[in-house]
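The structure under discussion appears below in the form of structure tokens.
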Amino acid sequence: MMHLKENFDTRMEQFQNELINIKSQLPQQNYPNNNINRNPNLRTSQEILEQNKNEISTIINNNLELNLLSNKIRQLYPGKNVIYNLLYRKSRDSDKAKVFHSKCDKIKGTLIIIKTSKGYKIGGYTNETWEGNNAYKIDNTAFLFSLNYNKIYDVKNNKFAIYCSPFFGPIFCGDKAPTLLVHDNAEIKGGECCGANDSNYQGYLDDYEINGGQKNFRITELEVFKVTLN
């Protein structure tokens, strides 16, 4: 009997040690008294949310909108997972073109998302970089989108996919007129789009289509995400 008891006590001690080890690897908000055993390399759920809160768009708010963009990017790069990392947000970083360029230049693969004062959600993607002194850039992967209309607009003439100027924000262009342009001091000056005949993006059927028929728009929010593929 003594041998059985010693064996039982040994097993209980092993079990308790294993339980402490398991608890140390779990998010600790459920174990407030066990922080002394916490694995320092693991984060609680709250810490994970806090770290990633700025990687979530404040403009896109449903899966239909997100899927429109992610599915298009997966079509461009089959077999790749899509990860978004926030580079710039107007409400956080300022509305100055120079700040946009300081955060987004020399970075390939950026997604621009704009929300206008009238509730239109528009933008574009390019695999090219945004630095340049009044220069067009070639990109056959560039596209524009309207989340309101659930519509993608692919580039037509890839020689004029985007236009880079230190005096403007992002410009998705054409050889005649910018299809989508963001001004410096975007809070006041906003942005503009073009008529159907001047658009360099396919499927642009009506004048100022992505902005509900109006050339100019005020910008409530503008976000730029780096699109990482793996």
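On full extension of the chain, what length is gained from F167 through N63, given 0.36 nm per residue of separation minus the C-alpha to C-alpha distance?
34.0 nm
For the range 143-230, just say rounded, prolate or oblate: build the C-alpha gyration tensor, square-root its eigenvalues into a ≥ b ≥ c, call rounded for a/c under 1.5, and beyond that prolate if a/b exceeds b/c, oblate if not.
Taking the square roots of the gyration eigenvalues as a ≥ b ≥ c, the range 143-230 is rounded.
Could you put E65, E187, E131 in order of accessible surface area, largest first, with the 1.4 Å probe and the full protein assembly present? Let's see the in-between values first.
Values: E65 20, E187 85, E131 55 Å².
The residues order as E187, E131, E65, largest area first.
Can you classify the range 65-161 as rounded, prolate or oblate using the Cα gyration tensor, where a ≥ b ≥ c are the square roots of its eigenvalues, rounded means a/c under 1.5, and otherwise it's prolate if a/b beats b/c and oblate if not? Intermediate values should be presented prior to the final figure.
On the way: a/c = 1.44, a/b = 1.12, b/c = 1.29.
It comes out rounded by the Cα gyration axes.
Hey, can you grab everything whose amide H is under 5 Å from the amide H of Y88? Only 5+ residues off in sequence or another chain; H modelled, so Pro and N-termini drop out.
The answer is V224.
Testing the spin-label approximation: label points 7 Å from Cα along Cα→Cβ at N81 and Y149. State their distance in nm.
3.5 nm
What distance in nm lies between label points placed 7 Å from Cα along the C-beta direction at K176 and N133?
For K176 paired with N133, the spin-label model returns 3.1 nm.
Taking 45 Å as R0, compute the FRET efficiency from the Cβ-Cβ separation of T228 and D207 and round it to 0.05.
0.80
HN-Hα J couplings of the range 133-141 from phi, Karplus 6.51/-1.76/1.60, θ = phi - 60°, integer Hz, Gly and Pro as x?
Going residue by residue, I get 9, 6, 10, 7, 10, 8, 7, 8, 9 Hz, with x marking Gly and Pro.
Got a number for the accessible area of C194? Probe 1.4 Å, square angstrom, nearest 10.
Accessible surface of C194 is approximately 10 Å².
The values are calculated or read from the model by the stated rules, or taken from the named source; none is laboratory data. Note that the structure is a prediction, hence the values are computed from the model and not measured. Glycine also receives a Cβ, built like all others from the backbone with ideal geometry; neighbour counts cover every protein chain displayed. Only protein heavy atoms, including side chains, enter the accessible area calculation; ligands, DNA and RNA are left aside. Shrake-Rupley method; radii C 1.70, N 1.55, O 1.52, S 1.80 Å.
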